[in-house]
Each structure stands twice: as structure tokens, then as C-alpha cells.
1. At what distance in angstrom do the alpha carbon centres of region 145-201 and region 252-274 lie from each other?
2. Rounded if a/c is under 1.5, else prolate if a/b is larger than b/c, else oblate: which is region 19-171, with a ≥ b ≥ c the root eigenvalues of its Cα gyration tensor?
3. If DNA, RNA and ligands are ignored and the probe is 1.4 Å, what is the ranking of 110, 98 by accessible area, most exposed first?
4. Using R₀ = 45 Å, calculate the FRET efficiency as 1/(1 + (r/R₀)^6) where r is the Cβ-Cβ separation of residue 230 and residue 77; round to 0.05.
5. Once neighbouring chains are kept in place and the probe is 1.4 Å, which whole percent of the accessible area of region 28-160 is contributed by carbon and sulfur?
6. Keeping every protein chain present and rolling a 1.4 Å probe, give me the accessible area per residue for region 47-144 in Å².
7. Using a 7 Å offset from the Cα along the Cα-to-Cβ direction at both residue 241 and residue 189, what is the distance between the two label points in nm, to one decimal?
8. Subtracting the Cα-Cα distance from 0.36 nm times the residue separation, let me have the gained length for residue 281 to residue 182 in nm, one decimal.
Amino acid sequence: MTAYEPPGAPGPAAPYDAVVLAGGAARRLGGADKPGVRVGGRPLLDRVLAACGAATTTVVVAEPRATARPVRWAHEEPPGGGPLAALDAGLRRTSAEDVVVLSADLPFLDEGTVRRLLDTLRGSDTPYGAGRPEGVLLSDPGGRDQPLVAAYRAGALRRELAALTAAHGGLSGLPLRRLTAALDLTRISDPVASFDCDTWDDIAAARARIREHGHVLDEWISAVKDELGIDLDVDTGVLLDLARDAAHGVARPAAPLTTFLVGYAAARAGGGPEAVAEAARKAAALALRWAEEDTPEGTPDADTGAGPDSRAATDSGAEPGSHAAPDA
């Protein structure tokens, strides 16, 4: 897959870093460990880390914990100093020109939304680095800004954080709006990706949506890949078609066994989407050949006399179905 390349940008795709704010007291959740709350079988933090998986460096501002993807850890000063202090601590460990800033409670954020934020930040009709916004953030269905679902120019963040520090003697306790009010921002409305989980009702709503028919398969595949440590995009349609062919043409238990063997064969062939597709193609063709043998077209027609007796008669020169008389 070819990475997005904004016109005039240097190189095939400009890198970005990510800062994920995963601290806070979660008072509306009764003090629960919100980043660790599971939605669709995965902790909220891991769901967010998957969405920014293409970042060169991902910094999580929180106490270290096990995560599905490698990250760097940071702590705000003073501890519990609020979102601006946490953002400053995370930003100090990044180096890319563009940075995605995210909270750790976004169950429906995905890579496509992160790309859209970055694409808008980098622009599509102006020279690279000129006349572009300093930040692009999502807004929720009520039109409220979501500054922790956003892409920013790192230089602009550092400039304004330094100004706020100078004006207030530090960043502790300052609200995010003090920062965003000083930036030139563009807004994108996205009622799904901007959904965050502040209450147990929000958690319940997110869990229910994930189990809807149109979402459950993709969510399950993503959860399995995270659980197994697999970072691989494959055509699930091809595998589902293979499972169907194996179940219908051979036997129902053949479906999971065949897809397992396809995965094993792809791994032995070096892995990757192409290896999976080739192994699936071979197994699907075999399943179809197997099924054809169980159809009338796949077996000899009794009326043609294509049996052992007819072959013997033909070889002796007699009519099919008759027996040659012995020589007198």
C-alpha cells in the first residue's frame, strides 16, 4: 500500500509522533483504571495505540503498564498537574514536525481518522509548510472541540506552552482551552471517532455498538491480532470465502482447520498479505475440486457404460455390454 504523500512534501510520507494522555483520576468512573477498561476485549489504551500505530514515536503520559504496542513513558510535573503539564511532558520526548495528541478513552478512533487529521494538517493545495493550520481537531455531535483528538504542528505547541509557562509560572492546573485559543485551528466533525468514555454508561454504549452486526467481525479480528501480537492486514473476505467453500464442499469442521493451515503455510512462506492470499487461493481451488467430485458432472454417467465391463468389451472389439464369443 502506498502511503499518502501531500503535494510538495519531502519524501514519500512525512513522519509523525503521537502523545497519548492516559492519566487522570477518572472520578466519573468511580476512580477506575479507565485506560485499562476493556471494550471489545481490548483495553481502551490499546485501542488508541492501534489507531496511531504508524507513529514514529508514541509517548504515553501515565504510569507504565503492559501494552500491545511498544511505547515510551513520561510523567507530568508535578504529578496530577493536568492536561497541559502532561502534554508538555510527552511533547518533550518527540521530535517529528507533526504530532497527534490523543486521550486514552477513544474506543472508535482508527487509523483512517488519524490519517485524515494529518492530511488536513499538512494540506493538499498549498506548498509544504506554508499557509497551513497549526492544528486540526475533531468536534463532537454537539459542536464541542475535542483537543485531545487532534493533530498539531509540534513547533506551534512548544511555542504556546512556553508562553503559558512564562505567563503563569508553570502549566499545572491550566485548562486545555488556554492552549487551543492561541492556535490557528481547523475542525472536522466526526461523531463516532470523537466519542469518549467518561462514564460507565459511555462504556456500556461503546460495548453495545461494537457487538452490532456491522462491526463485530472487524472488531473481533482486531482484538485477536492485538492478543496474538500480529500486525498484518489481510483480505478477510478471501478467508471467509475459503471457510465457506471448505464447509460446504468438504465438511463444516474443515472450515477452521483449513484456515489454520492456510495461516501456517503463509507463515512458512515468509508471512505477509501476499503469502496469505496465495495459500488461500490454493486451498480454495482444492475445496472446489473436492466438491466437484461429489456432483453428477464429476462422476461417470452410467448410461455411457464407462465401467470396467465396457472397457473390457471395447478392448476385445465387442459391443459395449456384450461378451465376445470364444473361438470355435
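The values are calculated or read from the model by the stated rules, or taken from the named source; none is laboratory data. Here the structure is a predicted model, which is why all the values come from computation and not from measurement. With ideal geometry, Cβ positions are generated from the backbone for all residues, glycine too; neighbour counts draw on all protein chains shown. The area values use the complete protein model at the heavy-atom level, side chains included, leaving out ligands, DNA and RNA. Shrake-Rupley method; radii C 1.70, N 1.55, O 1.52, S 1.80 Å.
1. 45
2. Numbers: a/c = 1.63, a/b = 1.20, b/c = 1.37.
Note, shape of region 19-171 comes out oblate.
3. Details: 110 75, 98 10 Å².
My answer, sorted largest first, is 110, 98.
4. Working: r = 37 Å, r/R0 = 0.83.
E between residue 230 and residue 77, to the nearest 0.05, is 0.75.
5. On the way: 2570 of 5370 Å².
Accessible surface attributable to carbon and sulfur in region 28-160 totals 48 percent.
6. Working: 4080 Å² over 98 residues.
Dividing the accessible area of region 47-144 by its residue count gives 42 Å².
7. According to this spin-label approximation, the distance is 3.8 nm.
8. Values: separation 99, 0.36 × 99 = 35.64 nm, distance 5.56 nm.
Answer, rounded to one decimal: 30.1 nm.
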